[in-house]
Each structure stands twice: as C-alpha cells, then as structure tokens.
Protein chains: 2
Amino acid sequence: MMRINGKRLLADLRELARIGAFKTGVDRIALSGEDIEARRWLVGKLAAAGLTASMDRVGNVLGRDPKAAKAILVGSHTDTVPKGGWLDGALGVCYALEIARSAIEANAPHATGIDVVSFEDEEGTYLPFLGSRSFFGELDDHEIAVARSKDGAALAPALATIAAEPPPHRCDAGRYVGYLEAHIEQGPRMEAGGNRIAVVTGLVGIKRFRVRSRGSANHAGTTPMAMRKDAGAALIALASGFEEDMRRLAGRDTVWNIGNMTFRPGVANIVPSEGEMLLEFRDIDAVVMDRAAARFRARVAEADRGPVRIEIEEIADLAPTALAPRLGAAISAAAAARGETPVSLASGAGHDAMIVARYMPAAMMFIPSIGGVSHDITENTSDDDIVFGCEVLADAVSRLRESS
Amino acid sequence: MMRINGKRLLADLRELARIGAFKTGVDRIALSGEDIEARRWLVGKLAAAGLTASMDRVGNVLGRDPKAAKAILVGSHTDTVPKGGWLDGALGVCYALEIARSAIEANAPHATGIDVVSFEDEEGTYLPFLGSRSFFGELDDHEIAVARSKDGAALAPALATIAAEPPPHRCDAGRYVGYLEAHIEQGPRMEAGGNRIAVVTGLVGIKRFRVRSRGSANHAGTTPMAMRKDAGAALIALASGFEEDMRRLAGRDTVWNIGNMTFRPGVANIVPSEGEMLLEFRDIDAVVMDRAAARFRARVAEADRGPVRIEIEEIADLAPTALAPRLGAAISAAAAARGETPVSLASGAGHDAMIVARYMPAAMMFIPSIGGVSHDITENTSDDDIVFGCEVLADAVSRLRESS
C-alpha cells in the first residue's frame, strides 16, 4: 500500500491557497486569471509526479497515469465562489494529487492507475458543473453561447482566453472503474457528532421556486383592509404556510429555505403591489421531495384564488443522486482499519459527483468543517483532520485497486 | 350668501395642474422649481381676488382678507408626491381661493373674513408638515439644518432658493375662528357607499416600526434546520403573528400594513443572515392603538428569545386627532341643505389639519376619489363632484361666519 505524505499535502494546499488569496480565504472564480493560474499550477504538479497532464479549453485539468489501462478517477474542483474558503474543492484535488503521486512513488505498478481531475466551474459562476458536464459530452455550443454569470458577464469571452488549449478532455468510458471525491462537509453535523470521516450516501435533490405576487398599490391609511389586494400579505401567508407544511412533511434530513423576499414599492404607507420570494427544499428521498412540491403547488393555487395573483416558476429541479455502496464501503473499511467509525451522511450541497455518478460508480467522503462554515473566508479544517482524511481516502483507493 | 363659480374653479384647477404636469398627473415636489412656480401663481390669483398675499421663506402662501379683523382659515397644500395626482392638496387650495374670491365679489362685508393658506411640504419630501408646523412656530433651526429627503437631498439648500422671500408667516392667534380643509378621500369608501360629501371626524393615529433581525448566513443545503439562525424565517413568523394579532384586536376601521420586507444576502441557497421589515397600523381610537402596540412589542420580545436577534425602532408615533364637531356640523348642515346626507369618516391619511387642530378648531371635508386612487397620476374626481364639494364648503363657511 502507498503511504501519503501529510506535510507535502498541507504544503500543496497552502501553496494553492496563495493563488487568488483573499485574507484567510481565496477568490478564484471560474475562468478568472487566478483560476487559470491555479489550474496551470496543478498541471505542473501532476506532470512532476509523472502523470500526463493538461488543461483543456474549458478549463478541466486531467492527469492520467500513463502506464495504466484502467484507472480510478479522483478529484474535485479548484474554482471557488467569490471570497470563498481555501478548502472547498481544493481539498479533494490535493488529495487526488497526493494519492496519485504517492502511488507512483510506491513503485509497485498496478493495472489500475489513479487519474486526477479538477473540473471547471463547479461553483456555477457561469454554468453549474460546466467542467464535469463537458467531460461527459453534456454541454452544447448553444448553452455555452448564451451563458452569463449573475453579474451579466458572458461565458464565451471568458472561455476565449483559453481557446488555444487542447480540445476538451472526454471521459474514456472503458478506462474508469469509479470516481472518488473528498470534500469538506460544509455543514456542522460531523463536528457536532465528533466524526472525522463521513461516507456520503447520496446527494440530495433540490427543488427551487421563484414566487411572484401581483396586487394593487393602495394608500395604507385610506384603503379598508377588505378592499386591498396586498401582494405582500399574500406572500407572508404563503411563506408561513410553506414553513408549516414543511415541518409536517419533512423527513429526518429534509431542509428548506426561504432565501429572499422583496416587496414593491417597499414603503411603510403603501400596500405592496408586487412581491417576490425565492424558496427551495432538499432531500435525499424523491418521495418526500415530490410530496412537498405537490403540497406547495396546491397552496399556491389556493392562494391564487384570492385577490392577489400568485405565479411560481420552478427554477431548479435536481433529482436526488444515489452513490455507489461498494465504493462507499471501501471508504468505510479504510476508516475502520484506522480506528475511526465513519458516519453516513447525505450531501446537502451539489458536487460534480452528481454528474459523474450518471456515468460510473461514484463515491464521496467528507471531513469536518470547523463551525460548519462554508463559502466564506473563515472556512477551515484542522491539519490533523485534513491529513487523516487523505490517509483514509488513499487506503480506500488501494482497496478498490485490489478489488478491481 | 356667496355663490361660487364652478367653471372658474375647474379652470383654476386645470391651470394649476399644468405647472409640473406629468402625463395625467403632476410632479410638484416641495421646494422644486415647479412647486415654487405654483405657489407664485397662487399668490397672483389671491392678489387679483383682493387678498393681501405673499409666499414666505419656507414656501407657505397666505392670503389675508385685508378688511377683516377675524377670519376663517381655509386651505391645504400645493406640493405633491413625485408623479402624483392633480387634486391632492390642489383641490383644497383652489376651493379656498374660489370661496375667498366669491365672498369678496359678493360685496357684503363681514367682520369675519376668509383667509387662504397653502402649506409647504405637506407630503413630507423633506419634513412632514413643514409648512403648517412653521406657521405655528413648531420648527426649529436645527431640525431644518439636518433634514434630508429620502434621496439624500438636504432641506437647507432647497430653502436657500427662496431665502429672499419675507419671514415666515405666523398664525395670528386672535384672528382665526377656525380652519377648514377640503380634500379628496384618497380611498374607496365614499365611492363604494355612493357618498358625495364626507365629514371627517378625526385623523387616525399612526404607529410605524422598523424591525431588524440578525441571524447567521449558512448553507441552506448542509445546515440542519435545528442548527440555523434564520433571520428571514424569524421575520416571516413575526409578520404572520402580527397579521393574526391585528385581525383579532382591530376595531371597525383599524388598518395595518407590512409595507416592506427584505432579506440579506437574498439568494435561494443561503439562510438569510439579516432581515428588515417596515410595518404600521392606524386607528382613530387611541385605546386600540395602544393595545396593538403592546401586543406587538410583546411578540417581538418573545421572538427575540429565540436564536435570532430582533430589534424594533418606532419610526412614527402620531396620536389620533379629533376634529371640531361644531365645524363638522356646519359642513353636515350645508350638505343636507343641498339634499346630500354626508357620511362620517375618519381620515386614514395625515393632513395639515392634524397640526392646525392643536391651535384652533379645525374640520375637514372629503369628496370622492374615483377608484379610490391616490398618489398616482390616475387620481381623479368627476367635475360635478368637484364643483358640488366647493358649493357645500362655501355654504359651510357662510354658516360659520354667521355664527362666529
């Protein structure tokens, strides 16, 4: 079995964190100069380790073990949200680098190699899962041509800056026996439970709605209550009913959020004429998701029969993704062999593994996030937990190589 | 008794509406060029009618009957909200002009004259009731020095444009036997009830609160519900409870409004870390107001004991204003003599009469607003109702002169 070098892993992570450093975090949004610099840094590290590595013209970095006909694909992403943390994505990529490098150093050639990937734009600056979708040929030219960031920046000119790179890496379907992605939890459950390793059972489905209400702007002093068409009050009643429904319908791990609410004109003495609300809910169980969606649609239809018009738009609908139990079992066994009983968790956030799992057996492993912080410059994990996680993942990779 | 000239009244209103005309409405915000032009137009009309008239250096226009030792003060305001209607304020001022002019034309001198006033900034662009408060010496220099519009424009430079005008008009305490203000209803009740004249019994009190909530921004997918500090959900629960309380505590005419609600950061997948809400309630009954305020404060205190901090700021607290029954009775009698049984209404909006009523007997009369529209360029009232209202108010003035 290979032995990973914990000090080298931490040094890599810290070196990578200097590219786009922002205070204690990093700002490496997809296809920015800093993002591309980080990807070129990774290509250099992979090549130095003995892999055949390049960045393609969508920004995906792939490092292949040149001596292997089959491989386990290990990786994550190196782009971040604006003013994000130093570990989100980078951790899984540096684990993959360290594991592939240690395997080559072990000098015990194996039919199943270790390939390393850093997918582009996992954070969805331009297109969610741009890189992993490209890797599996899911992206079309039209989608790329029209994509814009929420700030209005177009994807096409951002891609033009790396147009001279090789054509997109595509998944070599016969090569891969599976995909492993390690990530920080981005939540507080492991810390609260004292767990150092979590095996991810699946990724939750997400349904997200935009709700718009339209009534009439009336003087809030002179219009009797019964004669109003209050677009704000209608949204408050709907929001309150949604909270109530979700508490009743929720499974153990269901989560929901009303992330935004705005009224227009938005002053104290005018009855709101328009309102808008953003809400979502997530669960690993498709039955719970469908039941919650049906109840919400029924509530909206009921509200729309009142004096205010209510319209909803489903702006996201991702089905829950199950991960491969056999790969998860390898992570569990590896943790157990090091004296740690891993917890099983569903991932509440999206990851490239959601896309990859459509094409090959995929698994994810979490290590704890201090304070559950995510997408923030204060995001962190102890060095011990970082190194321990890489040891467990390396062992899991070794186990899978033996059984593949 | 004097006879008013309905055609001349309508012509004056239409001439005034051309100053600052915006589509079918007017844009004559306080101390703008258009507002000052309208006030100079009024001074000209009053002087031509035989009154001693001038605009002072806060913008108040006063026209005095030079032959009378006592007077009934009649008026309203000529400033508007941005893109407002042509009748809000202007109606009461043009009624006053027409009545004072008709009285002089009747050539039947009377010990009690008719003075005309147009108060500045009734709409509160810079300071609510700036003009009427100045008239009674309620404004101090510091308040003027720090006042700004909600767009950040300072009052002082706006006043500097008319600094060459005469010192502020002050109420001549011995002169006035009472104040009469006519206004459009700005609500739908008269139209719904088929009423052409309303006698205003009083002006409702207003309590207005800004509510701020502070929690933590967490990932809405990875943070279990029980571990959140959701500043948005806390506001929704508070808003919902407020609606419920108000329905239970409300008197017949109580009105309330949640005019604004905002969440930060305001995206679907982040638990809101901050929220803000603006709400108010109004009633003519101080007991109802106090009971509602106490219940709201108790609810806020209860909510603040949860995981989210809730703070409230009382941003307005106006006590209900009773108007003078004797003056209202004169309007009632005048309407009845013309075959119209007036309805009694509380005014849900604020008017200068609130300020004036502290210093002299004051009354208000409403005529209908088509569709209840207010503070909008589509605000309107039929010509017949406009003229009829002036006839009734003129008769009421005559009755009060006889009894004064």
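The values are calculated or read from the model by the stated rules, or taken from the named source; none is laboratory data. Note that the coordinates shown come from a computational prediction; the quantities given were computed from them, not determined experimentally. Cβ sites come from the backbone with ideal geometry, for glycine too, and all protein chains shown count toward neighbours. Remember, those area values only see protein heavy atoms, side chains included, never the ligands or the DNA or RNA. Shrake-Rupley method; radii C 1.70, N 1.55, O 1.52, S 1.80 Å.
Residue by residue through the stretch A:331-357, note down the ones that are open to solvent by 10 Å² or more (accessible area, probe 1.4 Å) and in contact with an Asp or Glu (Cβ under 9 Å, 6 or more places away or on another chain).
Passing the criteria: A:ALA333, A:ALA337, A:ARG338, A:LEU345, A:ALA346, A:GLY350.
Looking at (1) in contact with a helix residue (DSSP H, G or I) (Cβ under 8 Å, 6 or more places away or on another chain); (2) closer than 25 Å to B:SER403 by Cβ, can you tell me which one B:ASP121 breaks?
Result: B:ASP121 fails condition (2) only.
For A:ASN218, state whether it is at pLDDT 95 or above, open to solvent by 10 Å² or more (accessible area, probe 1.4 Å) and polar (S, T, N, Q).
no
Does A:ASP27 qualify as being open to solvent by less than 20 Å² (accessible area, probe 1.4 Å) and out of contact with any strand residue (DSSP E or B) (no Cβ under 6 Å at 6 or more places or on another chain)?
no
Which one is nearest to A:SER374 (Cα to Cα), of the residues in the stretch A:185-198 that are open to solvent by 10 Å² or more (accessible area, probe 1.4 Å) and touching a Gly at 6+ places or on another chain (Cβ under 9 Å)?
Checked the stretch A:185-198; the qualifying residue nearest to A:SER374 (Cα to Cα) is A:PRO188.
So, in the stretch A:91-119, how many residues would count as being under 20 Å from A:PHE135 (Cα atoms) and among the β-branched types (Val, Ile, Thr)?
Number satisfying all stated conditions: 4.
Name the pairs whose Cβ atoms lie under 9 Å apart, with the first residue in the stretch B:246-260 and exposed (fewer than 13 other Cβ atoms within 10 Å of the Cβ), the second at pLDDT 95 or above and not aromatic (Phe, Trp, Tyr), and 6 or more positions between them or separate chains?
B:ARG247/A:MET225; B:ARG248/B:ARG295
Looking at (1) small (Gly, Ala, Ser); (2) assigned to a helix (DSSP H, G or I); (3) crowded, with 18+ Cβ neighbours inside 10 Å, which is the one condition that is false for B:ALA145?
Every condition holds for B:ALA145 apart from (3).
Looking at (1) within 30 Å of B:PRO368 (Cβ to Cβ); (2) within 10 Å of chain A (Cβ to nearest Cβ); (3) in a helix (DSSP H, G or I), which one does B:TRP256 not meet, given that it meets all the others?
It fails just one condition, (3).
For residues that are under 27 Å from B:THR262 (Cβ atoms) and in contact (Cβ under 8 Å) with a residue 24 or more places away in the chain, tally how many sit in the stretch B:288-302.
Residues that pass the stated criteria total 7.
Quick one: count up the residues across the stretch B:261-276 that are more than 36 Å from the chain's Cα centre (by Cα), among the polar types (S, T, N, Q) and either farther than 17 Å from A:VAL255 by Cβ or at the interface with another protein chain (Cβ under 7 Å from one of its Cβ atoms) (or both).
Summing the residues that are more than 36 Å from the chain's Cα centre (by Cα), among the polar types (S, T, N, Q) and either farther than 17 Å from A:VAL255 by Cβ or at the interface with another protein chain (Cβ under 7 Å from one of its Cβ atoms) (or both) in the stretch B:261-276 gives 1.
Search the stretch A:269-287 for residues being surrounded by fewer than 19 Cβ atoms within 10 Å (Cβ to Cβ) and touching a residue at least 12 places away in the same chain (Cβ under 8 Å), and hand back the single one that is farthest from A:ARG189 (Cα to Cα).
Ranking the qualifying residues of the stretch A:269-287, first place goes to A:GLU276.
Among the numbered criteria (1) open to solvent by 10 Å² or more (accessible area, probe 1.4 Å); (2) in contact (Cβ under 8 Å) with a residue 60 or more places away in the chain; (3) of a type outside the set (A, V, I, L, M, F, W, C); (4) closer than 22 Å to B:LEU400 by Cβ, which single criterion is violated by B:THR52?
(2)
Specify the residue that is nearest to A:ARG101 (Cα to Cα); the eligible residues are those in the stretch A:7-61 that are in a loop (DSSP other than H, G, I, E, B) and hydrophobic (A, V, I, L, M, F, W, C).
Checking each candidate, the answer is A:LEU51.
Output the residues belonging to the stretch A:221-235 that are at pLDDT 95 or above and in contact with an Asp or Glu (Cβ under 7 Å, 6 or more places away or on another chain).
A:ALA231, A:ALA233 - these are the residues of the stretch A:221-235 that are at pLDDT 95 or above and in contact with an Asp or Glu (Cβ under 7 Å, 6 or more places away or on another chain).
In the stretch B:30-49, which residue that is under 21 Å from B:ILE386 (Cβ atoms) and not aromatic (Phe, Trp, Tyr) is surrounded by the fewest Cβ atoms within 10 Å (Cβ to Cβ)?
B:ALA49
Can you tell which of B:VAL93, B:VAL81 is surrounded by fewer than 22 Cβ atoms within 10 Å (Cβ to Cβ) and either within 15 Å of the chain's Cα centre (by Cα) or assigned to a strand (DSSP E or B) (or both)?
After ruling out the rest, the residue left standing is B:VAL81.
If you scan the stretch A:118-142, which residues turn out to be open to solvent by 20 Å² or more (accessible area, probe 1.4 Å), in a helix (DSSP H, G or I) and in contact (Cβ under 8 Å) with a residue 24 or more places away in the chain?
Scanning the stretch A:118-142 gives a single hit, A:ARG133.
Tell me which of these A:ALA100 doesn't satisfy, since it passes every other one: (1) closer than 14 Å to A:GLY50 by Cα; (2) open to solvent by 10 Å² or more (accessible area, probe 1.4 Å).
Going through the list (1) closer than 14 Å to A:GLY50 by Cα; (2) open to solvent by 10 Å² or more (accessible area, probe 1.4 Å), A:ALA100 breaks only (2).
Residue by residue through the stretch B:58-77, note down the ones that are surrounded by fewer than 22 Cβ atoms within 10 Å (Cβ to Cβ) and within 21 Å of B:TYR359 (Cβ to Cβ).
Correct list: B:ALA68, B:ALA69, B:LYS70.
Among the listed residues A:ALA164, A:ALA158, A:ALA182, which satisfies the condition of being within 30 Å of A:ASP65 (Cβ to Cβ) and open to solvent by 10 Å² or more (accessible area, probe 1.4 Å)?
Among A:ALA164, A:ALA158, A:ALA182, only A:ALA164 is within 30 Å of A:ASP65 (Cβ to Cβ) and open to solvent by 10 Å² or more (accessible area, probe 1.4 Å).
Please count how many residues of the stretch A:367-395 are in a helix (DSSP H, G or I), in contact (Cβ under 8 Å) with a residue 40 or more places away in the chain and open to solvent by 10 Å² or more (accessible area, probe 1.4 Å).
Result for the stretch A:367-395: 8.
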